[in-house]
Each structure stands twice: as structure tokens, then as C-alpha cells.
1. Report the residue count in segment A:45-88 for those that are within 18 Å of the chain's Cα centre (by Cα) and part of a helix (DSSP H, G or I).
2. As an exercise: evaluate A:V186 against (1) surrounded by 13 or more Cβ atoms within 10 Å (Cβ to Cβ); (2) within 18 Å of the chain's Cα centre (by Cα) and give the number of the one condition it does not meet.
3. Taking the condition touching a Phe, Trp or Tyr at 6+ places or on another chain (Cβ under 7 Å) and within 13 Å of chain B (Cβ to nearest Cβ), does A:L59 pass?
4. Conditions first: (1) in a helix (DSSP H, G or I); (2) over 18 Å from the mean Cα position of the chain (by Cα); (3) in contact (Cβ under 8 Å) with a residue 60 or more places away in the chain. A:V105 passes all but one, so which condition is the exception?
5. Only one of these is of a type in the set (G, A, S), in contact (Cβ under 8 Å) with a residue 24 or more places away in the chain and part of a strand (DSSP E or B): B:A265, B:A254, B:A238. Name it.
6. Yes or no: segment B:146-164 includes at least one residue that is within 16 Å of the chain's Cα centre (by Cα), buried (at least 18 other Cβ atoms within 10 Å of the Cβ) and farther than 30 Å from B:G113 by Cβ.
Amino acid sequence: MAIDWQAFWLTLQLAITVSAILLVLGLPIAYWIAFSRWRWKFLVEAVVALPIVLPPTVLGFYVLVALGPHSPLGRCWIALTGHTLAFTFSGLVIGSILYSLPFAVQPFAASFAGVDRKLLAASATLGASPLRTFLRVIAPLSVPGLITGTALSFAHTTGEFGVVLMVGGNIPGVTRTASIDIFDRVQASDYAAANETALLLLAFSFAVLAIVYGMNRKAWVIGPVK
Amino acid sequence: MEIVSSVQIREDNLDNMRHFRSAFIAVCLLLATAPGFAQGGKKSPSELVVAAAADLSAALPEIGNGYQKKTGVKLKLSFGASGALTQQIQNGAPFDLFFSADMDYPRQLIAAGDADTATLYQYAVGKLVLWVPADSPLDVEHQGMNVLLDPSVKKIAIANPQHAPYGRAAMAALQHSGLYDRVADRLVLGENVSQAAQFAESGNAQAGFVALAHAVAPGMLGKGKYWEVPAESYPRLAQGVVVLSHSLHKKEAADFLNYIKTKEAADLFQKYGFILP
């Protein structure tokens, strides 16, 4: 049996969607974490970091039950979209966004916090609004962190398994990702096909990370000169 | 002043290290005295490790409890799809016995030399039912599989036919009724028949093909209504058990197998939704 390209393509789509959304969603959260002086900020930081320590089964369980049709929240979702969160691509996207959130937000926040505060003060003194300061000073100086965060959330979503197994329902072209496909083939003793897909995923993941870290190195050199 | 403080720091570090070392030794001692760790995972002979098909998740614990009261031998149960468990056994999983949801997987293990031919025994026959939640408007008890054509049925849960016998039975029943092509795009696959039941029970799928054993299990009884799929529409789910070749407790496993053949055990299988061969 050949490689299930549909599953592979679906994994790519999921990872691209999730890392793109997290890039947009993660920026304000990271900005807030980096610059807020609220005394209870650590609580928000803890919530953002939760998915690192929580098993995917916890997330899967909540998507299935707390957001299922027997819960008020789940009924709201069904009224809005006409279907349950489970067994849909959007369900996987939402699950993956939660699951990969810290992998995007933490590198973003760390690089924002690392920007020299004197530059921010200078920018403000010259009359720039906070948004302008962010776009012209903070963001350009944080390119390596942005790349790292986006790459990690992309890679982490590519490698996702537990949540998808619990709420996906294994539908070809909708929720059967490459990791699920490999699992199925191993269960069915089809080692040759599992091996092909596994090798492809290994090579792909390595290539993505190598390219990103390579670019990142260059950005480190160029970034501050710009 | 500076020298003094650096010496101080060094002593503090040494102190910390001593604390760390004694804590480390304490943890090691603790681990060494804990029975599981000391034996490197080797179990005592009064324990049998059993791999069992997902449809046995209610019946086997009760049978195991009864057996333990009688003999003192404790069962450690692992549930999963029969195909997945076969897979694990072939790769050296340390089970003593394997209760499959069909006869093919045990035979496959025998052919590969992983199970003892003489021990193969058909302990029960499973039944497939179509299950819907109790508050569902679908009249499954009278209309049977035709309820699947109702537009309110968006997802139908079945076990993965690639490695779960109940999944294959569900596919066969759908094909037999001629409904397969009309519902194929609404099927969602559970990793095993328990997950299919859980998809339906949580309401995420509006209907599910599950084991009768699930429909009458204490956790699900009363939460739904079901229709028994006619036996002629799917291959008989004869379920077999074997003692595995790598078991270090073949004598104890054989004793337990003898208990499975008694009327007492058979009654429990019947109570939990199986029929007897």
C-alpha cells in the first residue's frame, strides 16, 4: 500500500491553519504577557502554559463531553454551526489551537520582553503610538522569536495525535491525519505502509525545523542591524 | 570580605549537595523496597495479566472478582480492539491470556506461534446492536436500521473495521441491509467498540453500532434504547480465548480457563449481553 497522501495533505492543512491563527491570536496575548504589570499576571501565564503539562486526553475529553451536545456550551456551538465540534475539521483546529497555544505565545512573549526598553522609551518620546512602536520597533526586533513560535506551533500540530484520536472519528479527508493513519496501519499489522508514512513525516518534520532554525540564525545576525 | 562570602557560598553549595545526595539515596531506597520496582516489573504468580476485547469491559471484571474470591488469583485486565491487542502480543506484550472478540485473531496468534493451540476455547458469542440515546426521537426499537436514514442522524459511530471485529460486523450489517452507500459518508470510527459506544453515549454521534454487552452494561443501561441487529446480517461474533506461549504462568492460566468453562462464568457472560456457543 502506498502513502495516504490525503492524510498527509490534511495534516499540512491543519498545521498551516493552526499556526496562522496562532500567529494572529498569539501576538496580543504575548504582548500583554510581556508588558502588563498586573499583579495576577502569573495566573494568565499559568493558564497559557497548561497545555504543555496537560495530557491530550484531558483536552479530548472536554471537547467531547463539555463541548458535546449534552452541555449548554455545546448546544450553543451546534445552534451556531449546525454540527458538533467532534468529528469535524474545525473541531480539530480548535483543539489544536488550545493544544499548541504555549508553543506560539511563549517564544513570542520572551522575544518581546527581550527588546531593549530604552528603544521603546525613545520611540514613545518621538511621539509614536504604542501600536506604531510595536510594528516599527518591537516586531522587527522579535523576528527570531516570531519565527520560532510559529514553527513550533506548526510542528507541534503536525505531530498531534491524542486529541485527534479522541475526537476525530477517523474520517478520511476530514479528520484522518497522518499520525492517525500510521496508528491504524500499525494496528492492522501493515508495517510496510506505516514505515513509509512514518519516514515521510520524519523527513518532513526535520526539513521544516532545519529550514526554520537555519533562517532563524540568519535573522539573529541581520535583525539588530536593520 | 569577598573571600569570606565566596567560601560561604561554596559551603552552602556543598550543603545543598549533601541534602540532594541524601534525598536521592532516600528515593532510591524507597523505590528498591516498593514491591513492583524491586522485581523489575516481574509479577507474583497469584496474578494473571489478561488482554481482553473491549466488549468484555463489564463482564470480565465481575468474573475476575468472583475468581479472586475463590482462588486468591487476581486478574489484571487490559481492554482494547482485538486487532490492536493481537498486534501488541505479537510484539511481546507480557499477557498470560487473550480474550478476543472473534476466533480469527487467536488463530492468527496460534499460527505465528504466540499462543497454544490446545487452549483455544470459544467462551461466548457477541451480539451487535444499534444504539441511540434515550432522549432521541428515533424509534430504533421498531424501525431498526431504517432510522439511520433520518436527516437528524448526522454521524453514526462504528468500531474501526480494520482491527475491531464489531466494526466488521457493523459494516457487514449495513451492506446486508443495502444502506451502506447511503450512510457511508456519515460513519465515524472509534478506535474500538468501546469508543464507538462512547461517541454515541456522549451524544456526539446520534447513533452507534455497539456491543449488546455495552448497551446492558451498568454505565450505559437506561441511557439509551437499542435494537438487536438480526444475527443473519453479519458474520457470527464467536469469541475465543487462548493462553499465550510466552506466559510464565501457564498452570494458573489453564486453571482460570477451566473456571471460564463453568456454568458460573457462563451465567455472567449471559448477564452481560453475550449468548453462549
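The values are calculated or read from the model by the stated rules, or taken from the named source; none is laboratory data. Note that this is a predicted model, so its numbers are computed, not measured. Neighbour counts are summed over all protein chains in view; Cβ atoms, including those assigned to glycine, are modelled from backbone coordinates with ideal geometry.
1. Number satisfying all stated conditions: 15.
2. It is condition (2) that A:V186 fails.
3. For A:L59, the condition - touching a Phe, Trp or Tyr at 6+ places or on another chain (Cβ under 7 Å) and within 13 Å of chain B (Cβ to nearest Cβ) - is not met.
4. Every condition holds for A:V105 apart from (2).
5. None of the others qualify; the one that does is B:A238.
6. Scanning segment B:146-164, I find at least one residue that is within 16 Å of the chain's Cα centre (by Cα), buried (at least 18 other Cβ atoms within 10 Å of the Cβ) and farther than 30 Å from B:G113 by Cβ, so the answer is yes.
Residue-wise test of (1) free of Cβ contacts under 8 Å to residues at least 40 places away in the same chain; (2) more than 19 Å from A:L101 (Cα to Cα); (3) within 14 Å of another protein chain (Cβ to nearest Cβ); (4) among the hydroxyl-bearing types (S, T, Y).
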| site | (1), (2), (3), (4) |
| --- | --- |
| A:L135 | yes, yes, no, no |
| A:T157 | no, no, no, yes |
| A:P172 | no, yes, yes, no |
| A:E196 | no, yes, no, no |
| A:L201 | no, yes, no, no |
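Residue by residue, here is whether (1) surrounded by 12 or more Cβ atoms within 10 Å (Cβ to Cβ); (2) farther than 30 Å from B:A215 by Cβ; (3) modelled with pLDDT under 90; (4) aliphatic (A, V, I, L, M) holds:
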site: B:Q8; (1), (2), (3), (4): no, yes, yes, no
site: B:P45; (1), (2), (3), (4): no, yes, yes, no
site: B:K70; (1), (2), (3), (4): no, no, no, no
site: B:L77; (1), (2), (3), (4): yes, no, no, yes
site: B:L97; (1), (2), (3), (4): yes, no, no, yes
